[in-house]
1. What are the residue pairs meeting all of these: first residue in segment 123-138, first residue farther than 20 Å from F82 by Cα, second residue of a type outside the set (F, W, Y) and not in a strand (DSSP E or B), Cβ atoms under 6 Å, and 6 or more apart or on different chains?
2. Does P12 satisfy being open to solvent by 90 Å² or more (accessible area, probe 1.4 Å) and modelled with pLDDT under 65?
3. Of all residues in segment 161-195, how many are of a type in the set (F, W, Y), farther than 17 Å from Y68 by Cβ and at pLDDT 95 or above?
4. Considering only segment 153-210, give the strands (runs of 3 or more DSSP E) lying wholly within it that have at least 1 residues that are β-branched (V, I, T) and farther than 26 Å from S54 by Cβ.
5. If I ask for residues that are open to solvent by 60 Å² or more (accessible area, probe 1.4 Å) and in contact with a strand residue (DSSP E or B) (Cβ under 8 Å, 6 or more places away or on another chain), which ones from segment 51-77 would you list?
6. Within the group A186, A181, A160, which residue is closer than 18 Å to V41 by Cα, aliphatic (A, V, I, L, M), open to solvent by less than 40 Å² (accessible area, probe 1.4 Å) and without any contact (Cβ under 8 Å) to a residue 60 or more places away in the chain?
7. What number of residues within segment 78-107 are surrounded by fewer than 22 Cβ atoms within 10 Å (Cβ to Cβ) and under 14 Å from the mean Cα position of the chain (by Cα)?
8. Please state which one of V130, V116, V124, V150 is among the β-branched types (V, I, T) and open to solvent by less than 80 Å² (accessible area, probe 1.4 Å).
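The values are calculated or read from the model by the stated rules, or taken from the named source; none is laboratory data. Everything numeric here is computed off the predicted structure, so don't read it as measured data. Cβ coordinates were reconstructed from backbone atoms using ideal geometry, including for glycine residues, and neighbour counts include every protein chain displayed. Side chains included, ligands, DNA and RNA excluded: accessible areas come from the protein's heavy atoms. Shrake-Rupley method; radii C 1.70, N 1.55, O 1.52, S 1.80 Å.
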Amino acid sequence: AQYVPAQYAPAPAASAPAAAEYETAPAVRKRNLFSLGAGLVIPTGNVIEEGDLSLKAGGPGGGIELQYLNFLNERFALGVEFGGTVLTEETENYYGYEIKTKSQTLHGMISGRLYVNPNNKNLVYVPFGVGFVQGELDGDIYTGGVKRFVLNNFSDTAPAGYIGLGVELERTEESLISLEARYHMAWFRKSGISATYSYVSIMLKAGGLF
């Protein structure tokens, strides 16, 4: 073969540039998210309405949640979650009596996210869930600031669900931070008593992608 000096040798063909990596949705590459959330819980409406008696489930409180999600594609994720809420004491006046109520719940649900703008940098999504909640309502009756009676504690398990709006505040290859506002409802029916439990939650959530 004929010797060709290096300076006269043809330059190697340039390889085609690699396709740009999709940067707006690392969870598509790492398909699993495990997150922890905590925040404020605000009850809405009355939990029990029987004749002239209307009782709230309690005052504003807090909630916590553990969630696992699998990203099926860049727009949709599905998984499970477990969590609970604690509401502070709320006072209702009823014919000269003070009825003080507070409550706590535990829930387990199939949950998910539907992303509205999967190709944008700041991702907005709709969180949703359907499952069951176990709730306990405690009540005491006071007159003149002295406890007179203890209401029978109401405890039951009921179907429940939520829907809301969330935004991802920060996302990297390994982690994700988001803020969610949700509207929750549960429908209790026990011993002739109907109770609709509803509240709004605002939670900050942080998790790892794997």
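1. Filtered contacts from segment 123-138: V124/V116; V124/N117; D138/N153.
2. Here the answer is yes, as P12 does meet what is asked.
3. 1
4. Working: elements: 154-171, 175-190, 193-209.
Strands (runs of 3 or more DSSP E) meeting the threshold: 154-171, 175-190.
5. D52, K56, P60, I64, L66, Y68, L72, E74, R75, F76
6. Numbers: A186 fails: without any contact (Cβ under 8 Å) to a residue 60 or more places away in the chain; A181 fails: open to solvent by less than 40 Å² (accessible area, probe 1.4 Å).
One residue alone meets the criteria, A160.
7. 7
8. None of the other options fit; the residue is V124.
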